[in-house]
Amino acid sequence: MKKIFSWLLILVIVCTVIWLVFWKFKMPLLQQLTLILLMAFAMCLHRIFIGPTPADRAISVDIIGILVVGFCGLMGIFTGINWYIDIAIAWALQSFIGTLALAKYLEGRNFDE
Amino acid sequence: MNEIIGFVFVIIGLIFDVLGCIGLLRLPDVYSRLQATTKSVTLGTCGIMFGVFMFKGFTPTGIKALLCIIFLLLTSPVAAHALARGAHRSGTKLYEKSVCDKYKEEENA
């Protein structure tokens with residue numbers, strides 16, 4: 001019963017955000033898509049707040065790093081500025097290195113082994 | 001015409017991103033969450049980047065978008081594998097209804 005209720009809550013929140021973004025306010029299409037991506041960011045942040053184990057938080061940080069790359073691509077289309085894609089490439093590489101460091105920390109080893 | 005194809009790829013990528021983040025919220029276990037999110041979010045971001053390439057064409061910005069797809073496809077599975085191994089070695093429990101744990105059996109043997 002509790003499980004069904006929480007699924008319904010998630011469904012209502014997602015449908016409300018989609019209704020607000022696409023039908024309530026009149027915006028350009030790419031701005032609406034960027035707001036949908038921000039909803040995915042909010043889900044990852046919620047998992048960081050409630051995550052029961054440290055591994056959950058590490059996974060969420062990794063996923064946010066990949067989402068930022070897509071966000072930079074969308075902003076590059078939306079504003080027409082070309083150097084957003086450079087930020088995306090640099091962020092992908094840095095996020096990979098950071099995730100490897102977090103994985104080593106989870107294993108309980110030093111960084112130079 | 002190129003812009004319409006680019007919009008279709010961007011929308012498909014966003015749908016995969018949001019579905020992956022719903023999986024991150026709703027699945028019961030660290031390993032299930034990792035398995036759900038890493039694949040779908042990587043595919044979704046690659047879709048957005050391919051949409052950027054369809055918008056820009058064969059300019060330097062479009063080629064950089066293709067380069068970003070290659071980086072993501074190379075680095076994301078390695079990071080996910082390292083995270084799963086780190087989580088298992090740090091003693092994170094599996095979901096109580098899961099059937100078997102091959103990695104633990106191989107470590108004990």
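Tell me, please, whether a residue that is among the aliphatic types (A, V, I, L, M), in contact with a helix residue (DSSP H, G or I) (Cβ under 9 Å, 6 or more places away or on another chain) and within 17 Å of A:M75 (Cα to Cα) can be found in region B:31-43. No, region B:31-43 contains no residue that is among the aliphatic types (A, V, I, L, M), in contact with a helix residue (DSSP H, G or I) (Cβ under 9 Å, 6 or more places away or on another chain) and within 17 Å of A:M75 (Cα to Cα). Selection within region A:61-80: residues that are more than 7 Å from chain B (Cβ to nearest Cβ) and of a type in the set (G, A, S). The member of this set that is farthest from A:I36 (Cα to Cα) is A:G80.
Where the second residue is in a helix (DSSP H, G or I) and the first is away from every other protein chain (no Cβ under 14 Å) and lies in region B:82-108, which pairs have Cβ atoms under 9 Å and are six or more apart or on separate chains? These pairs meet every condition: B:S98/B:Y31; B:S98/B:S32; B:D101/B:H88; B:K104/B:H88. Annotation note: Cβ proximity below 9 Å between a residue of region B:12-26 that is at the interface with another protein chain (Cβ under 7 Å from one of its Cβ atoms) and a residue that is among the acidic types (D, E) and surrounded by fewer than 21 Cβ atoms within 10 Å (Cβ to Cβ) (sequence gap 6+ or interchain) occurs for B:L24/A:D56. Filtered by the rule that a residue be surrounded by fewer than 24 Cβ atoms within 10 Å (Cβ to Cβ), touching a helix residue (DSSP H, G or I) at 6+ places or on another chain (Cβ under 6 Å), at the interface with chain B (Cβ under 7 Å from one of its Cβ atoms) and in a helix (DSSP H, G or I), region A:81-95 gives a lone residue, A:I89.
Considering B:F55, B:F7, B:F71, which residue is assigned to a helix (DSSP H, G or I), at the interface with chain A (Cβ under 9 Å from one of its Cβ atoms) and touching an Asp or Glu at 6+ places or on another chain (Cβ under 7 Å)?
Details: B:F7 fails: touching an Asp or Glu at 6+ places or on another chain (Cβ under 7 Å); B:F71 fails: touching an Asp or Glu at 6+ places or on another chain (Cβ under 7 Å).
On inspection, the qualifying residue turns out to be B:F55.
Every read-out reported here was derived from the displayed coordinates using simple, explicitly stated rules and does not represent laboratory data. Because the structure is predicted, anything quoted here is derived from the model rather than measured. All Cβ positions, even for glycine, are placed from backbone atoms using ideal geometry, and neighbour counts span all protein chains on display.
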